[in-house]
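Structure, as structure tokens:
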Amino acid sequence: MNSFMWKPAEILSMTEGQRATLKAWVGARTSPERTVLRARICLLAAEGLSNRVIAQTLKTSRPTVVQWRKRFEEQGPQGLAEDASHGLSSRSLPAEKIKAIVEATLHSTPLDATHWSTRTMAQAMGVSNATISRIWDAHGLQPHRIETFKLSKDKRFVEKLTDVVGVYLDPPDKAVILCVDEKSQVQALDRTQPGLP
């Protein structure tokens, strides 16, 4: 293996104030474990240790060492305290986009499936699976678990519903109202499998 595969990293420069901040994070019991690791990486890099030795000492990977050294050089200690961005989150999406995702989930289906999955919806809407999952959780949506009531796709559904409910709430004089329930899918089960409740 070529010993010159990686150029030795330069000593990470930091001010005394920055060094004191990182040491305080390492010593504090309330510091998150990931922040302590990042602070230790940078403190060792400031002592002149190589990335490989730092990785071995802290039982982490060399790319992790390189990543957090770079973040410290660019942003100082604050860069170690914050996690790296992983793209747009549902919290930063415009309200119109979230509404479009909810509407599509409730009132449409993919061309080649019976219901949306997080992957197919994410692909259709141009966001991540995790974003779709967070939006569905926030709105109580589980399109893969629909077992009972399904919203009618009839464009005049609300108008018809209003008429029917209106008849019950304010019936015409001398009217007789009859209601017939056809039992939908349960009827087929009753005939084919009489043992089922």
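Compared with the direct C-alpha span, the chain from Val26 to Val180 gains 48.2 nm at full extension, assuming 0.36 nm per residue. Here the Karplus curve 6.51 cos²θ - 1.76 cosθ + 1.60, taken at θ = phi - 60°, turns the phi angles of the stretch 156-165 into couplings of 9, 4, 5, 4, 5, 4, 4, 4, 5, 5 Hz, with x standing for Gly and Pro. Full extension of the segment from Gln67 to Arg34, taken as 0.36 nm per residue of separation minus the current Cα-Cα distance, would add 10.6 nm. Annotation note: GluC sites (Glu not before Pro) in the stretch 15-82 located in DSSP loop regions with a Cβ neighbour count of at most 11 within 10 Å are Glu47, Glu82.
Extension gain for Ala104-Asn129 works out to 7.5 nm (0.36 nm per residue, less the C-alpha to C-alpha distance).
With each label modelled as a point 7 angstrom along the Cα→C-beta vector, the Lys155-Leu169 pair spans 2.6 nm.
A Förster radius of 30 Å, combined with the Cβ-Cβ distance separating Ala113 from Glu82, puts the computed FRET efficiency at roughly 0.20. The accessible surface of the stretch 29-79, taken with every protein chain in place and a 1.4 Å probe, is 48 percent carbon and sulfur.
The values are calculated or read from the model by the stated rules, or taken from the named source; none is laboratory data. Computed from a prediction, not measured in an experiment: that's the story for all the values here. Heads up, the Cβs are rebuilt from the backbone with ideal geometry, glycines too, and the neighbour counts pull from every protein chain shown. SASA here: full protein model, heavy atoms, side chains in, ligands and nucleic acids out. Shrake-Rupley method; radii C 1.70, N 1.55, O 1.52, S 1.80 Å.
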